[in-house]
Amino acid sequence: MADASIGLWTVPLAVFGGAIRVSTPFLFVSLGECITERSGRINLGLEGTLVMGAMSAYGISYLSGSPWLGVLAAGVTGAMFGALHAGICSLPRVNDIAVGIALMLLGTGLAFFLGKPLIEPTAARLPAIDFGWWSDVPQLRAALRINVLFLIGVAIAPLLYWAFRTTRWGLLIRTAGESADAARAMGHSVLLIRLRATMVGGFLAGIGGSFLSLFYPGSWNEGLSSGQGITAVALVIFARWDPMLCLWTSLAFGGAAALGPALQSVGITSGYHLFNAAPYILTLAIMIITCSPKRTVTGAPAELSITR
Amino acid sequence: MTTDAVESVDAAGVVPAADVGFLQRYGATIEYILIPGAALVGALAVFGAFIAIYGKNPLDLYFYMYYGAFGTWFSWQNTLTRAAPLILTALCTALPAQLGMVIIGGEGALLIGALTATSAALALQGAAPIVVQVAMVIAGVIGGGLWITLSGALRQYRGVNETISSLLLVYIALAILNHLVEGPMRDPASLNKPSTREIGAANMIGSIPGTEVHWGLVFGLVAAVAAYVLIYHTTFGFAARVAGGNIRAAKIVGLSVSKLILTVCFLAGGCAGLAGMIEVAAVQGRTNANLAAGYGFTGILVAFLARQNPLAIIPVAILLGGISASGGLLQRRLGLPDASVLVLQGIIFVFVLASDALYGRIGFLKGKS
């Protein structure tokens, strides 16, 4: 066993590697949800979008042989789910949280239905860049095999931060989220802004799903996503709707999620399931700490139903 | 009432006036039946089209769905057996909805209720079956109730969104269940499927005489009727609805909103916990991962389709119990994946929510006003 050479160092290394690997879906979903929520709407259906994205990416990658085509397909599927969410929400008296729950169930069901024939075959997976070539320690090299999607996600976070602050689109989205009346008074259609924001959010969440099926864990099955989508939605609240904070919290969550498998790899198997629940417990704990009944959370878009 | 209506009485006698009166009196009720009904038909049509694209005959689909759900005495029993936990998990969403809360964690409360009920049964081995059963009910209700009370308390005291917290608690409940059945509570004899020890055949709650439908259905019916009476015919229910309508008004008239929220959440979770106890005491006989069969999630749909009305939950739960009962037949006869039931449920959910936009907009139901 090569494990013996570095002993218990395996655990922090695996957590570090996991923080990079496991965090990618969290990162994409939370950045997508960040855009949607900034426009004043919450899409709880991203859990379903994530699973749908994973399934369609795997299917298209299997059929076409190109994983990148799969990533694109996942994004487009996600955008379509976003459009569906925004379309239903634009009807009068329809509650966006309830629609999100419905799309969570629909997305999961549809993905399981269409993905049934995909459980057996193996699709082309996304390549990884080897940043650990200089090291002799296999665990370190494994930890530093980084997927391009992660780098793209890391790049999107500051880009979004900048876009929210300085671009016209960023201002429009923020206006729709802070005061729909103000956006209307400026002559913009709030529904259209939110439709676009939800579609872009769905696109990113779909790509997050493609990472699950095409890189890590890297196969399609029905237990692929268990609540990563909903955790990421909660994470946006903790990140105070700030894309850069979304990046840091996603990394922290990835590390927490990697703790269970990491401990298992060094032979600590008792409490495996409890360690696997670490991200959910962490989310809940963080929400308990950051929320307050006396005031809305700092930085919350004023139109957001979840904080009112 | 307007002069218009009075005039029509004078002009054309009693009949049109009775018509107007009927619509004005029952228009809202008709709406509550007609619109979800239309949404259901629309969803079935879309699902039929989806199945047609998939290469199967939608007419076969509808026939097998009907046959598998309500076609024979056997399928009726299957349907009613599945409706029992659905009524209870739907109450877990419908009761907090009276207070304006969206709780979607019924699945978690079900799992915790199953665990606590099983623990009670295992701790009381050797006692009279009736004692064990009563203890299981109490333990299941308390376990599930406290689980959802946690969401309610977080919302009330920390401002944590109850929808997200209740859903996160589902995953945590599942992790606790898996941990316990594979670790401390595991029956060493359960090799392939880690489970707790069995509660014992004598302690099972059995079937309603003459049927194979277990007594859980009666539990569900009683709970639904009790919830209806509680909400619409007691001061407590009135207070809850006032707080759900306008929380500031409720505070001004001196209602203790915290107490209302915590009590309602406890009752809601207690219902879902009871569903878990029933699944253990009437179906599985022990706790294992089979319990996470999605009753909690389908219950959310039942509650929304019933417009959060506890009495309406009963027929809707039977309907959706039927849909899930027909899943096996669809798999065998049409070769559809087992997830087709999930797809149909999702489509129904989307249609029901979209149909919310129709209320008060159907011309002939408005009457003359």
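Any read-out appearing in this document is the output of simple, stated calculations on the displayed coordinates, not a laboratory observation. All values derive from a computational prediction rather than experimental measurement. We place every Cβ from the backbone using ideal geometry, glycine too, and count neighbours over all the protein chains shown.
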Would you please give the residues with an amide H less than 5 Å from that of B:Ile205, counting only those at least 5 places away or on a separate chain, with H modeled from the backbone geometry?
B:Ala282
Positive minus negative residues near B:Gln308 (Lys, Arg vs Asp, Glu; Cβ under 13 Å)
+1
Mean ellipticity per residue at 222 nm, deg cm²/dmol - from DSSP H runs of n ≥ 4 across the protein assembly as shown, formula -39500 (n - 2.57)
-23000 deg cm²/dmol
What nm distance separates the two modelled labels at B:Val225 and B:Thr211, each placed 7 Å from Cα along Cα→Cβ?
1.4 nm
Could you tell me what a quarter of the Cα convex hull surface of the stretch A:173-227 works out to, in nm² with one decimal place?
4.8 nm²
Kindly put B:Lys56, B:Lys259 in sequence by how many other C-beta atoms sit within 10 Å of each C-beta, fewest to most.
B:Lys259, B:Lys56
Vicinal HN-Hα couplings computed from phi for the stretch A:30-38 (Karplus, 6.51 cos²θ - 1.76 cosθ + 1.60; Hz; Gly/Pro x):
5, 5, x, 5, 4, 5, 4, 6, 4
For B:Ile252 and A:Glu222, what is the calculated FRET efficiency with R₀ set at 35 Å and r taken between the beta-carbons, to the nearest 0.05?
0.10
Sparse-neighbour loop sites [trypsin sites (Lys or Arg not before Pro); the stretch B:272-369; at most 12 other C-beta within 10 Å; DSSP]:
B:Arg361
How are the alpha carbon pair distances in the protein assembly as shown distributed across 20 Å bins from zero to the largest one, expressed in percent?
17, 51, 28, 4, 0
Between A:Ala285 and B:Ile362, what's the calculated FRET efficiency when r is the beta-carbon distance and R0 is 51 Å? Round to 0.05.
0.60
For A:Leu126, what charge total do you get from the other residues with a beta carbon under 14 Å from its beta carbon, if Lys and Arg give +1 and Asp and Glu give -1?
+2
List the residues, sorted by chain then number, that are 5 or more residues from B:His214 or on another chain and whose placed amide H is less than 5 Å from its amide H.
B:Ile208
Between beta-carbons, use under 10 Å as the cut-off and find the net charge around A:Ile237, counting Lys and Arg +1, Asp and Glu -1.
-1
The stretch B:83-319, dipole about Cα centre (Lys/Arg Cβ +1, Asp/Glu Cβ -1), debye to the nearest 20:
680 debye
Residues B:Thr81, A:Thr249 in order from fewest to most other beta-carbon atoms within 10 Å are B:Thr81, A:Thr249
Amide H of B:Ser195: which non-local residues (sequence gap of 5 or more, or other chain) have their own amide H closer than 5 Å, using H built in the peptide plane?
B:Asp187, B:Ser190
If I model chain B as equal point scatterers sitting on the Cα atoms and use the Debye formula, what is log10 I(q)/I(0) at q = 0.08 Å⁻¹?
-0.46
Whole-Hz Karplus couplings 3J(HN,Hα) for the stretch A:267-284, θ = phi - 60° and coefficients 6.51, -1.76, 1.60, Gly and Pro as x, run x, 8, 9, 5, x, 4, 5, 5, 5, 5, 7, 3, x, 6, 5, 4, 4, 4
Listing B:Cys271, A:Cys34 from the residue with the fewest other Cβ atoms within 10 Å to the one with the most, what is the order?
A:Cys34, B:Cys271
Could you give me the radius of gyration and the Dmax of the stretch A:181-305, taking only the C-alpha atoms into account and expressing both in angstrom?
17.9, 62
In order over the stretch B:208-217: 3J(HN,Hα) from phi, Karplus 6.51/-1.76/1.60, θ = phi - 60°, whole Hz, x for each Gly or Pro, gives 5, x, x, 9, 10, 7, 7, 5, x, 4
Find how much the distance from A:Arg93 to A:Val148 grows on full extension, using 0.36 nm per residue of separation minus their present alpha carbon separation; answer in nm with one decimal.
15.6 nm
